[in-house]
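For reference, the structure is listed below as structure tokens.
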Amino acid sequence: MVARVSTVAFQGIEGVPVDVQVMVAPGKVGIQIVGLPDKAVAESRERVQAALHASGLALPAKRVTVNLAPADLPKEGSHFDLAIALGLMAALGAVPADALSGYVVIGELNLDGTIAAVAGALPAAIGANALGKGLICPAESGPEAAWAGSETDILAPRSLIAVANHFRGTQVLSRPEPAVRAAAEGLPDLADIKGQESAKRALEVAAAGNHNLLMVGPPGSGKSMLAARLPSILPPLSPAELLEVSMIHSIAGQLPGGKLSDRRPFRAPHHSATMAALIGGGFRAKPGEASLAHNGVLFLDELPEFAPQALDALRQPLETATCIARANHRVTYPAAIQLIAAMNPCRCGMAGEPGRSCARGPRCMADYQARISGPLMDRIDIRVDVPAVSAADLIRPGTSEPSAAVARRVARARELQRDRFAGLGRPELTSNARSSTTMIEKIAEPDAAGLQLLRDAAEKMKFSARGYHRVLKVARTLADLDAAPTVGRIHLAEAISYRVAGERLPAAA
Ligand SMILES: Nc1ncnc2c1ncn2[C@@H]1O[C@H](COP(=O)(O)OP(=O)(O)OP(=O)(O)O)[C@@H](O)[C@H]1O
Ligand SMILES: [Mg+2]
């Protein structure tokens, strides 16, 4: 007899249905797993055998064949253990086979028969729900899986024995409750930053329209400080965005305790990060930092210190909002990111500072900045200089505007954008930075004076086509911050100034 149990293989953030077929038949004693298993799946044989033994279930002296169908789909990870063990238990009559047919099963086994947490419980639960089935997952993954919806039947047992007892009716498992992370408290506040008014304004504009931002300035001027305060002014995730973000974090095994939060992701990888760490991939397909920052912020501090190849790999996600990671096979992960970057103008950090001179002269600056490619620079909408804070600003008593006040203006501007896109029949767009070129030409059509300014600037500064559209997007955001229905000359002037800012950046625009 063949026992069947449903499970999933993860491709990107989707769970592809996999059928575990277990047959016990006379023949050479042992367990054989077929169907493109990777090393972790192949090792499953040992874990399953030990766990069943520990649970008091003796394997018959027969041949056990486990087939993971479809056979041509690569199977990665250790989450197939539980499905294989339950399939085997069903084949041996330890659990009723028909009871398992209503569930998708994921989980890793410990040698003592307990079930260990696995990544991907949320997408597995959503996939199971779509198939009209419930989910059996490890106890620790239960709170995460419970987010798939109250109508999904979820069993989160601690051990193989608990599953058997549940189906025998001796010890019924209760449904796990979804867990919420405590509200974001103690986020660093913009009020801590003295001076730097133009950089703060740029940060607000970037937050309001979801624009990419580069801050350039000498050491200790507050660039890293400013970036760390962006989360405190960004609007919370919408429920749909929250689900997408959580699916990615679930696949990456980064949802501690299954707790979800509506705070936007803020990822700040170190500059030694490799290409695989940034965009995903490597030996086993895993989402990279750019995907973990989906619907949130990817902060690259000390931008020129990153490997040029790793930086250039970001060009694609910045344009298409998806990462294509290459591991044993190709996988696509969502990566709608807002790129925030900070850098010194040169290696010693002092180029262009009044009263200071760079030890190595202009070459120092040129060499340092040449590490950032033109195409990557072209994708940055807002570039600001963050000069050293003046002594007068540092000494001045009192604090600056708190984050809460800025967050309110940002939220209002985002609301205008959402309403506008909904009115145009594109409710999935939530910010100006995400609108298409045809749409931005329509919604950011400048008045006559603005058009004249834009024409002159585009000609003189030789904007790329992308640069032209990005200026329009920033101008639309500036108008939204003013609650102005049309984009005026003043908005375009500010948007253009952000594009050409930083004479320290000869590579720019
Ligand atoms: N504008 C400011 N207001 C108040 N404190 C500041 C300001 N700028 C810098 N500081 C102080 O200097 C420290 C360093 O700031 P920060 O790390 O943001 O500098 P940075 O511009 O990122 O420098 P680097 O280029 O070396 O990375 C902060 O922890 C803070 O104490
Ligand atoms: Mg810094």
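On the basis of the beta-carbon distance and an R0 of 51 Å, Arg360 and Ala411 show a calculated FRET efficiency of 0.65. Less than 5 angstrom separates the built amide H of Gln11 from those of Val16, all sequence-distant by 5 or more or on a different chain. Shape analysis of region 388-509 places it in the oblate category; the axes a ≥ b ≥ c from the Cα gyration tensor give an a/c of at least 1.5, with a/b not above b/c.
A helix-only calculation puts the chain at -11000 deg cm²/dmol for mean residue ellipticity at 222 nm, using -39500 (n - 2.57) for each DSSP H run of at least four residues, averaged over all residues. Helix 403-423 sits at what angle to the longest principal axis of the chain, using alpha carbons and giving 0 to 90 degrees rounded to 10? The answer is roughly 80 degrees.
Here the chain has an Rg and Dmax of 27.2, 87 Å, counting Cα atoms alone.
Distance between the pseudo-spin-label points of Ser436 and Glu43 (7 Å out from Cα toward the beta carbon): 4.7 nm. When both region 185-214 and region 318-343 are represented by their alpha-carbon centers, they are found 24 Å apart.
Using Cα pairs under 8 angstrom and six or more residues apart, how large is the relative contact order of region 67-220, in percent? Once normalised by length, the contact order is 15 percent. Here region 190-400 is described by how far its Cα atoms reach on the three principal axes: 54, 41, 26 Å, from widest to narrowest.
A straight Cα-to-Cα reach below 25 Å connects Lys223 with the lysines Lys194, Lys200, Lys473, residues fewer than 8 places away in its own chain not being considered. Among rounded, prolate and oblate, which fits region 154-288 when a ≥ b ≥ c are the square roots of the eigenvalues of its C-alpha gyration tensor, a/c under 1.5 means rounded, and a/b larger than b/c means prolate? It is prolate, given that a/c is not under 1.5 and a/b is the larger ratio.
Here the chain is scanned for trypsin sites (Lys or Arg not before Pro) in DSSP loops (not H, G, I, E, B) that have at most 10 other Cβ atoms within 10 Å, and the longest stretch holding none of them is 29-461. Compared with the alpha-carbon gap, the fully stretched path from Ser373 to Leu424 is longer by 14.8 nm at 0.36 nm per residue. Sequence-distant contacts, meaning Cα pairs under 8 Å at least 6 residues apart, place the relative contact order of the chain at 13 percent. Applying D = kT/(6 pi eta Rh) to region 1-138, where Rh is the Kirkwood radius over alpha-carbon pairs, T corresponds to 4 °C and eta to 1.567 mPa s, the Stokes-Einstein value obtained is 89 µm²/s. In this Cβ point-charge picture (+1 for Lys and Arg, -1 for Asp and Glu), the chain has a dipole of about 640 debye about its Cα centre. Relative to the longest principal axis of the Cα atoms of the chain, the long axis of helix 465-481 lies at roughly 90 degrees. Given that compact globular proteins tend to follow 2.2 N^0.38 Å, what is the ratio of the alpha-carbon Rg of region 77-199 to that value? Cα-based Rg divided by the globular estimate yields 1.43. With both labels modelled 7 Å from their Cα along Cα-to-Cβ, the Lys62 to Glu14 distance reads 3.7 nm.
Here the extension length gained between Ser390 and Glu319 equals 21.8 nm, from 0.36 nm per residue of separation less the Cα-Cα distance. Rounded to the nearest 20, the size of the Cβ-charge dipole of region 396-509 about its Cα centre is 300 debye, with Lys and Arg at +1 and Asp and Glu at -1. Each label point was placed 7 Å from the Cα along the Cα-to-Cβ direction; for Lys28 and Ala273 their separation is 4.8 nm.
Every number in this text was worked out from the coordinates using simple rules, so none of it is lab data. Small disclaimer: the values here were computed from a predicted structure and weren't measured. Methodologically, a virtual Cβ is constructed for each residue, glycine included, from the backbone with ideal geometry; neighbour enumeration extends over all protein chains shown.
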